[in-house]
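Peer 1: Mind having a look at this structure? Questions to follow.
The values are calculated or read from the model by the stated rules, or taken from the named source; none is laboratory data. Because the structure is predicted, anything quoted here is derived from the model rather than measured. Don't worry about glycine lacking a Cβ; one is built from the backbone with ideal geometry, like all the others, and counts go over all protein chains shown.
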């Protein structure tokens, strides 16, 4: 296993959101490093423009920070796509979510940090953790 967690889009978004109560936890997770995919970066850009209303310069700065902390993103490959199809069919999860899980599995992560799945759910070799869930 890689030992690094896979960071879903919402972790990145909250890390750069102003006045969000989840920001501190998201910043802590991101500062610890992790793994992201090109899909996560694409979704991040979309949310930054549409919901956070960040300008392109600020988005590029944020992407540079993310890449510095996480390293090169995982590409979307045919292998990831095929694995995601199987996961979506067998696990009953939406396809774009299954792409996240497939990327995490193929990168040998043990944990996915996301609020988009059931906290504690195990899918294949990864466990989902919602870092924003109230204890």
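Peer 1: Give the stretch 94-124 a look and list any residue that's without any contact (Cβ under 8 Å) to a residue 40 or more places away in the chain and not in a helix (DSSP H, G or I), or say none.
Peer 2: Answer for the stretch 94-124, where residues must be without any contact (Cβ under 8 Å) to a residue 40 or more places away in the chain and not in a helix (DSSP H, G or I): 94, 117, 118, 119, 120, 121, 122, 123, 124.
Peer 1: Across the stretch 59-93, what is the number of residues that are in a loop (DSSP other than H, G, I, E, B) and touching a helix residue (DSSP H, G or I) at 6+ places or on another chain (Cβ under 7 Å)?
Peer 2: 4
Peer 1: Is it true that some residue in the stretch 8-17 is over 18 Å from residue 115 (Cα atoms) and touching a strand residue (DSSP E or B) at 6+ places or on another chain (Cβ under 9 Å)?
Peer 2: no
Peer 1: Need pairs with beta-carbon distance below 9 Å; first residue in contact (Cβ under 8 Å) with a residue 24 or more places away in the chain and within the stretch 52-74, second exposed (fewer than 12 other Cβ atoms within 10 Å of the Cβ) and assigned to a helix (DSSP H, G or I); sequence gap 6+ or separate chains.
Peer 2: 69/31
Peer 1: Of all the residues that make up the stretch 1-45, how many are out of contact with any helix residue (DSSP H, G or I) (no Cβ under 7 Å at 6 or more places or on another chain), surrounded by fewer than 22 Cβ atoms within 10 Å (Cβ to Cβ) and in a loop (DSSP other than H, G, I, E, B)?
Peer 2: Number of matching residues: 8.
Peer 1: Further question: When the stretch 46-58 is examined, which residues are found to be touching a helix residue (DSSP H, G or I) at 6+ places or on another chain (Cβ under 6 Å) and part of a helix (DSSP H, G or I)?
Peer 2: Passing the criteria: 47, 48.
Per-residue answers, yes or no, for (1) surrounded by fewer than 18 Cβ atoms within 10 Å (Cβ to Cβ); (2) within 23 Å of residue 15 (Cβ to Cβ); (3) modelled with pLDDT under 95:
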{"position": "57", "(1), (2), (3)": "yes, yes, no"}
{"position": "64", "(1), (2), (3)": "yes, yes, no"}
{"position": "68", "(1), (2), (3)": "yes, yes, no"}
{"position": "73", "(1), (2), (3)": "no, yes, no"}
{"position": "82", "(1), (2), (3)": "yes, no, no"}
{"position": "86", "(1), (2), (3)": "yes, no, no"}
{"position": "114", "(1), (2), (3)": "no, yes, no"}
{"position": "135", "(1), (2), (3)": "yes, yes, yes"}
